[in-house]
Amino acid sequence: MNDVQAAPHPAIRHAELLDALSASVLLLDFDYTVLYLNNSAQEFLGLGRAQALGHAVTDLFADAPALMQLLQRAVERSAVCSEHELALTPLVNGHGPGAMVVADVTVTRLAGPEAHRLLLELVDARLRMQLTRESELLARVDSSRLIARQLAHEIRNPLGGLRGAAQLLSRELSAPALREYTDVIMREADRLGALVNTMLGPSRPPQREKINIHEVCEHCYQLLRAEAPEGVQLLRDYDPSIPDAQLARDELIQALLNVMRNAVQAVGGSGRVLLRTRSQSNVTISGKRHRLACCLQVEDDGPGVPDELRKTLFLPLVSSKSDGTGLGLSVAQDMLARQRGIIEFESAPGRTVFSLLLPLEGYA
């Protein structure tokens with residue numbers, strides 16, 4: 001690293017104001033050498049001023065061809081050039097690659113006496129992308145919930161008539177062998193009735209009570225341990241700092257069970273399923289910021305979510321299993337939404353993580 005003076009470049013007249021910005025701002029020359037960076041840029045890069053000044057900005061990232069092209073366009077066209085949702089990987093302390101960051105990038109060629117300078121702005125786009133993704137997800141869930149409930153109402157009435165007719169017929173039949181057929185009809189009608197009730201979902205507001213998150217997790221863990229095949233390993237990783245919270249216990253249990261059952265089924269006869277809890281501060285859920293939230297993560301090492309199902313995974317009647325109803329995740333998402341929470345997931349072959357996010361404050 002060059003021994004460069006860490007004072008702001010003379011072209012930056014209002015360094016204190018720039019340091020107050022949440023956007024990362026860097027001043028570069030036409031060799032893309034960093035002449036100045038504000039506090040947010042230091043956090044973005046994970047470097048102090050003395051470590052960044054005097055170095056080409058492209059040397060501060062693991063791989064930045066798209067950023068280089070943007071800088072070149074700004075120089076050649078003497079215009080403002082921007083790129084939305086550019087994936088960048090800062091080098092940790094100027095050495096190994098750190099975590100990838102998605103940013104909106106704008107490069108401006110300055111005018112007047114500073115015409116040989118470039119102003120680079122980096123705005124973390126991950127929060128906006130998260131809000132957009134959550135908004136689209138919840139809109140799809142609301143729409144599908146309405147369709148599913150309308151369908152369930154249409155099914156419920158003839159289903160009740162079918163069961164009643166089978167019950168009356170059973171009373172008129174004297175041969176036990178014939179009554180077995182009516183028993184099958186009634187059992188299947190009851191099964192479909194339970195499915196319809198699941199599609200309709202709870203009609204009253206969730207009944208919240210003060211609960212211990214880990215008591216709920218242990219309850220689900222014990223149930224799944226009894227159901228899981230012998231070759232499936234169930235693990236736990238709990239954060240003891242999570243406080244008790246006002247939540248709807250039964251609905252949380254059902255949502256977590258649905259997600260955990262999916263994970264167990266995904267790994268098949270052998271694999272690993274991990275239930276992890278973590279507390280998170282200053283979390284944004286559905287556009288609202290929460291001081292404290294709980295994150296329940298269910299991780300498995302199965303084959304991952306098929307690409308064709310990723311956008312519709314939480315819609316009812318969508319399933320990758322031949323014998324699945326496609327209601328488990330839809331119901332779980334609905335139950336968390338009723339408690340101001342949300343379920344998100346990330347998936348790749350060998351690692352799929354479903355995260356149940358729930359705010360831990362804000363209930364009277």
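The values are calculated or read from the model by the stated rules, or taken from the named source; none is laboratory data. Source: prediction; values computed, not measured. Here Cβ is always computed from backbone atoms with ideal geometry, including for glycine, and neighbour counts include all displayed protein chains.
For this structure, a couple of remarks:
- Any chance E230 is without any contact (Cβ under 8 Å) to a residue 12 or more places away in the chain and either out of contact with any strand residue (DSSP E or B) (no Cβ under 6 Å at 6 or more places or on another chain) or assigned by TED's automatic domain parsing to the domain that holds P359 (or both): yes
- Residues located in region 296-317, provided they are modelled with pLDDT under 70 and surrounded by fewer than 17 Cβ atoms within 10 Å (Cβ to Cβ): T312, L317
- Screening region 252-290 for residues that are in contact with an Asp or Glu (Cβ under 9 Å, 6 or more places away or on another chain) and under 13 Å from G341 (Cα atoms) and picking the one that is surrounded by the fewest Cβ atoms within 10 Å (Cβ to Cβ) gives G287.
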